[in-house]
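What follows is a short report on a single structure.
The values are calculated or read from the model by the stated rules, or taken from the named source; none is laboratory data. As the structure is a prediction and not an experimental result, all values here were calculated from the model. All Cβ positions, even for glycine, are placed from backbone atoms using ideal geometry, and neighbour counts span all protein chains on display. Calculation scope for accessible area: heavy atoms of the full protein, side chains included, ligands and nucleic acids excluded. Shrake-Rupley method; radii C 1.70, N 1.55, O 1.52, S 1.80 Å.
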Amino acid sequence: MCGAGGCVWAGGCVGSSAEADDPETRTRHFLLCPHSVPQAYNIHVNGVLHCRVRYSQLLGLHEQIKKEYGSNVVPAFPPKKIFTLTPAEVEQRREQLEKYMQAVRQDPLLGASEMFNSFLRKAQQETQQIPTEEVTLDICLSNGQKVTVNILSSDQTEDVLDAVATKLDLPDDLVGYFSLFLVRESVDGGLTFVRKLQEFELPYVSITSLRSSDFHILLRKSYWDMAYDTDVMDNRVGLNLLYAQTVSDIERGWILVNKDQHRQLKSLQEKGSKKEFIHLGQTLKYYGYIKFDPCITDFPEKGCQVIVSAGNNELNFHVKLPNEQMKEGSFKVTRMRCWRVTSSVIPVSNGTTNPCSSAKCEVKLELAFEYLMSKDRLQWVTITSQQAIMMSICLQSMVDELMVKKSGGSIKKMLRKRHNGSIHRPDSQQAVKSPPLLDSPDPNREQIVKLSTKLSSVSLRGISASNSANDISGNDFHGNYAFEGIGDDDL
């Protein structure tokens, strides 16, 4: 958020990079910066203005939440002041509000509540000054075609997804296998995944407020395990959507194909054998992966250029070393002890000394994960990328799938609930607890006894449920409950 002059960052596990190693640092899902209107705060999602709220509105939200859920659940809220705030007090309130919004967003009950998300949706609509009215919205498919749906400008993400499914005649039990993503298309046709649309936003308002034809809303499958392709392919519409995505990923070079495989695929395409085409695609390298824009990593050494892809329960690296040599390697999600996303605001030359005084804040994002390199050696690997939050979302959804599968839960139920930003688990799945974690090799870092798996930007919760008030504030890290599956044979 941007406050009394300010910016809120909402998305992923975000912390100030200057404080990343401070054990007292809290995850900064919301970055507050001052706005020109006194006691007003701008909320930014991925550096783009989401909404603007005043202190009194946030106080009103707090009172509603406290009335609904009780004082024991709700985190502390910065109190009213009788006299005019000094600059130091303004900054103190901004920090307190920032921590409050982070705490609410991270809590599995409060963060997924309709009260909290509807507050952000209403604020988004009011800030962008878009009235509630009947509108049309184009949703892109992987093959370049567009589906135009008739909606209200105030419809939330789940409503829009349901409207698209109805227009395509996609059965209700398959809707949760797909999600809506905000993407940016470059001049050369390249596709950048900005984020997955969330339950706290209005898709029409989000896309309209960007005021750029480069941005689109894309429908794409939202699961990773190709075993679930069978469920989708049993339906005609699902088959066509999955086929279009596979063709698109091959054409973009996201899926690697040699000459012989290309010849086989072309033959199947000419015959109209969509299922066989997909089955062959499943055998190819990087099938089902999302490819990210080139970025920077510190592995195997600082300053290396890298292309990261997410899929098959791993992050794949194509690294260009300083000597121009190319290296490829993968980091399995089951060997990631935890991860975090940190952010820092980069000063923008706007004629002021306040880097967040404009509607857009330039934010540097880093994804760092602690990886089990060998049986007794953990190492942090960092990726500097504006898509760090999207990478974190991918990791969390992989972990969710692994844990639901391991606990014998229903992937269909999980996916149906996922697209509205929250996974509601039956009682049989609530008993799964966090495994014991390895001690950090860094003696200066506080030992982590219990790690949060709550992702602010997507509300994809870890399997373990906790009602402890101490867990509300969270910390810098996303613990990985799938980490317990590692044995000597896996190393």
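For GLU324 and ASP234, the difference between the fully extended length at 0.36 nm per residue and the C-alpha to C-alpha distance is 27.8 nm. Couplings for segment 154-165, taken from phi via the Karplus curve 6.51 cos²θ - 1.76 cosθ + 1.60 with θ = phi - 60°, read 9, 6, 7, 4, 4, 5, 5, 4, 5, 5, 5, 4 Hz in order; Gly and Pro are left as x. Please report the carbon-and-sulfur percent of the accessible area for segment 30-128; probe 1.4 Å, protein heavy atoms only, DNA, RNA and ligands left out. On segment 30-128, the fraction of accessible area on carbon and sulfur atoms equals 55 percent.
Put HIS262, HIS62 in order of accessible area, highest first, and with a 1.4 Å probe you get HIS262, HIS62.
Ordering 82-91, 111-120 by mean Cβ neighbour count within 10 Å, with the highest value first, yields 111-120, 82-91.
Computed over every Cα-Cα pair of segment 159-274 and binned at 10 Å starting from 0, the pair-distance distribution P(r) comes out as 11, 37, 36, 13, 2 percent. Put simply, when 72-81, 127-136, 332-341 are sorted by average Cβ atoms within 10 angstrom per residue, most first, you get 332-341, 72-81, 127-136. Once divided by 2.2 N^0.38 Å, the Cα radius of gyration of segment 30-128 becomes 1.05. What a 1.4 Å probe finds exposed on segment 146-264 is 48% carbon and sulfur by accessible area, rounded to a whole percent. Using the Cβ-Cβ distance between ARG184 and ASP225 with R0 = 22 Å, the FRET efficiency computed as 1/(1 + (r/R0)^6) comes to roughly 0.20. Spin-label model, LYS285 to GLU251: label points 7 Å out along the Cα-to-beta-carbon direction sit 2.4 nm apart. Cross-link pairs exceeding 18 Å between alpha carbons, from the set LYS221/LYS291; LYS146/LYS167; LYS67/LYS122; LYS291/LYS320; LYS285/LYS327: LYS67/LYS122. In segment 50-90, the convex hull through the Cα atoms has an average projected area of 4.1 nm², a quarter of its surface area.
Ranked from largest, the principal axis spans of the Cα set of segment 130-222 equal 35, 31, 22 Å.
With point charges of +1 on the Cβ of Lys and Arg and -1 on the Cβ of Asp and Glu, referenced to the Cα centre of segment 220-308, which listed residue (TYR286, GLN264, ILE296) lies farthest in the positive direction of the dipole? Comparing the listed Cα positions along the dipole, GLN264 ranks first.
Sequence-ordered 3J(HN,Hα) estimates for segment 71-86 from the Karplus curve with 6.51, -1.76 and 1.60 and θ = phi - 60° stand at 5, 6, 8, 7, x, 5, 10, x, x, 5, 10, 6, 9, 4, 6, 7 Hz, glycine and proline given as x. Applying 1/(1 + (r/R0)^6) with R0 = 60 Å to the Cβ-Cβ distance of GLU276 and GLN92 gives a FRET efficiency near 0.40.
For the pair ASN150 and LYS66, the difference between a 0.36 nm per residue extended length and the Cα-Cα distance amounts to 26.6 nm. The packing ranking of peptides 302-315, 204-217, highest mean first, is 302-315, 204-217, where packing means the average number of other beta carbon atoms within 10 angstrom of each residue. Extension gain for ILE296 to GLU126 (0.36 nm times residue separation, less C-alpha to C-alpha distance): 57.4 nm.
Per residue, the accessible area of segment 130-222 comes to 40 Å² when a 1.4 Å probe rolls over the protein heavy atoms.
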